[in-house]
Amino acid sequence: MSERARRLSARAVIGLLGEEFDELPEGGDREDVPDGPLSWPGYDALRARAAERTGEDESVVCGVVRVGGAPAVVIAFEFGFLGGSLGQRSGDRLESAYIHARAHRLPVVALVATGGSRMQEGMVALTQLQRVARQSALTRAAGLPQLAVLRDPTTGGGWATLGAGADVILALPGAQVGFAGSRVRPADADPAAYTAEAQVAAGAADAVVSADALRETVGRWLRLLGAPSAEAVPPPAPLGLTEPPATGWDAVLRARDPRRPRAHRYLDAYFAHRVAVSGDRCGGVDADGMLCGFGESRHDGRTVAFAAQTGTATRPAGYRTAARLIRLADRLGIPVLTLVDTPGAANDAEAEREGVGAAIAEVFGAVASARTPLTTLVIGEGGSGGALALAAPGNTWATPDSYFSVIAPELAAAILKRAGGEVRLTADQLLIRPQDLARLGLVRTDGADGGGRRP
């Protein structure tokens, strides 16, 4: 995308996003003080020139726009007005926009392009970030989704509040994104680290979206996140073997078979379409080990959140992303589907340095405290606590080519100081087959083995 496309005016980018834009009143009854709250010499003249150049009288434009037919409150920054900087009057407008969103039960979409707080208003400008953070928190508590689209540039407090604080963060290609703007970062800093693409790779944003796809992408997100449901969803139908395993070791071999259906196949079969949530917002991504997002169920058209393990050892970032997904779905009242398939949590030194124990604890806590219904299907290996963290208590199902165990049979044998030849016996004694687990009341099956029935 060209710099010209990334630097579209506030109203032009609103036009890309949707249609039927109705601007909101400014909000507040603030009286203008000559040269602003700090009496900064020449500040009024600066604002006048910015208004003449852009046609706007402040750095943000707020209103209601229809995106794919659905209304949303939109906040668009005008970078041409003093670098899209935040001051008292822009803070008034942002506060008013959030209040309108809550009063009318509308989602908020922030089209961010800002250099940060306005120098000419000093600490008065900086404290606008607290106003924005409070309004965002109140909107979050009201169960309304917040999306951000990061334009060029998105830096400073605008990134640290409206941008990074959103539920879903999209970015235009090549946009400069980072807390430190180009004039204040270290001279030897790698500029590639301050881009939309780098933020996605670091788990701080969900996806890069072209300007041409903005309306369709945001519209899909708003439709999915705006469709709560109070009922649990049914588990996916098994896609692999249908007969139960004969022995515990047979169950292990089936689950480890590379030909067995994995998460991608289950998600493709279950959803008509889906969008991805990416990254743990702490600098990590586990794109190979944990798939998270929202989709439209083929079964009944409902929105369902999903967190799916892919058969690998799950990294700490994967657990944190799943916890983030479950907490967001819970806040929005969207049911959750989890797919369990891991030999266990990653246990290498790097995983320990990244806090794997704390990350698993986050998922246990998110599942335990969720008010929205959760459904789990074990589709492969269920290895210890790294798998159990994603399992819905009382609503976990298992396919015939899966197992669930306190630990892998080989490791159990080692802990018990058994000879290598006793691994198969250990697998049987652990009662890890789906039908064994169903008889113990720990999982449900599809009924083919007599161990359980679909509700």
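The values are calculated or read from the model by the stated rules, or taken from the named source; none is laboratory data. Owing to the predicted nature of the structure, the values given are computational and were not obtained by experimental measurement. Note that we place each Cβ from the backbone using ideal geometry, even for glycine, and neighbour counts take in every protein chain shown. With ligands, DNA and RNA removed, areas are computed over all heavy atoms of the protein, side chains included. Shrake-Rupley method; radii C 1.70, N 1.55, O 1.52, S 1.80 Å.
Before moving on, here are some points about what is shown:
- Percentage relative contact order, region 331-455, counting C-alpha pairs under 8 Å, at least six apart: 22 percent
- Backbone geometry of region 387-401 corresponds, through the Karplus equation with coefficients 6.51, -1.76 and 1.60 at θ = phi - 60°, to 3J(HN,Hα) couplings of 9, 4, 4, 8, 7, 7, x, x, 9, 10, 10, 9, 7, x, 10 Hz, x marking Gly and Pro.
- Accessible surface ranking that places the most exposed of MET290, MET123 first, with a 1.4 angstrom probe: MET123, MET290
- Each label was represented as a point 7 Å from its Cα along the Cα-to-Cβ direction; for ALA141 and ALA361 these points are 2.6 nm apart.
- Tilt relative to the chain, helix 316-332 - C-alpha long axis, 0 to 90 degrees, to 10: 70 degrees
- For TRP397, the residues whose amide H sits under 5 Å from its own are THR376, LEU377, VAL378, ARG444, ignoring neighbours fewer than 5 places away on the same chain, with H placed 1.01 Å from N.
- Two-site FRET efficiency, LEU431 against ALA160, from Cβ-Cβ distance with R₀ of 45 Å, rounded to 0.05: 0.35
- For region 74-85, backbone phi angles converted through the Karplus equation (6.51, -1.76, 1.60; θ = phi - 60°) give residue-by-residue couplings of 10, 10, 10, 8, 9, 5, x, 9, 6, x, x, 6 Hz, Gly and Pro being listed as x.
- A straight chain from ASP35 to ALA48 at 0.36 nm per residue would run longer than the Cα-Cα distance by 3.6 nm.
- Along the chain, longest interval not containing exposed trypsin sites (Lys or Arg not before Pro), exposed being DSSP loop plus at most 12 other Cβ atoms within 10 Å: 260-370
- Reciprocal mean inverse distance between Cα atoms of region 34-78 - Kirkwood radius, Å: 12.5 Å
- Contour minus Cα-Cα distance for ASP348 and GLU20 (0.36 nm per residue): 112.7 nm
- Using alpha-carbon coordinates, inclination of helix 88-103 to the longest axis of the chain, degrees: 50 degrees
- Helical mean residue ellipticity (222 nm; -39500 (n - 2.57) per DSSP H run of 4+; nearest 500) of the chain: -9500 deg cm²/dmol
- With DNA, RNA and ligands ignored, accessible area of ILE415 (1.4 Å probe; Å², nearest 10): 120 Å²
- Taking each residue as 0.36 nm, the span from ARG302 to GLU243 lengthens on full extension beyond its C-alpha to C-alpha distance by 18.2 nm.
- In the context of the full set of protein chains, residues of the chain present 41 Å² of accessible surface per residue (probe radius 1.4 Å, heavy atoms only).
- Nearest-ten-degree value, helix 43-54 long axis tilted from longest Cα axis of the chain: 70 degrees
- For the set HIS299, HIS273, solvent exposure ranked by accessible area (probe 1.4 Å, protein chains only) runs largest to smallest as HIS299, HIS273.
- Surface composition of region 115-226: carbon and sulfur atoms hold 58% of the protein heavy-atom accessible area at a 1.4 Å probe.
- Placing a label point 7 Å from the Cα of ALA70 along the Cα-to-Cβ direction, the residues of region 201-236 with a backbone N closer than 14 Å are 215-229.
- Estimated at the nearest 10 Å², the accessible area of TRP40 is 100 Å² with a 1.4 Å probe.
- Between region 259-273 and region 402-430, the alpha-carbon center distance in angstrom: 30 Å
- Order of exposure, largest accessible area first, which applies to PHE79, PHE306 with probe 1.4 Å: PHE79, PHE306
- Distance from the alpha carbon centroid of region 159-186 to that of region 91-158 works out to 13 angstrom.
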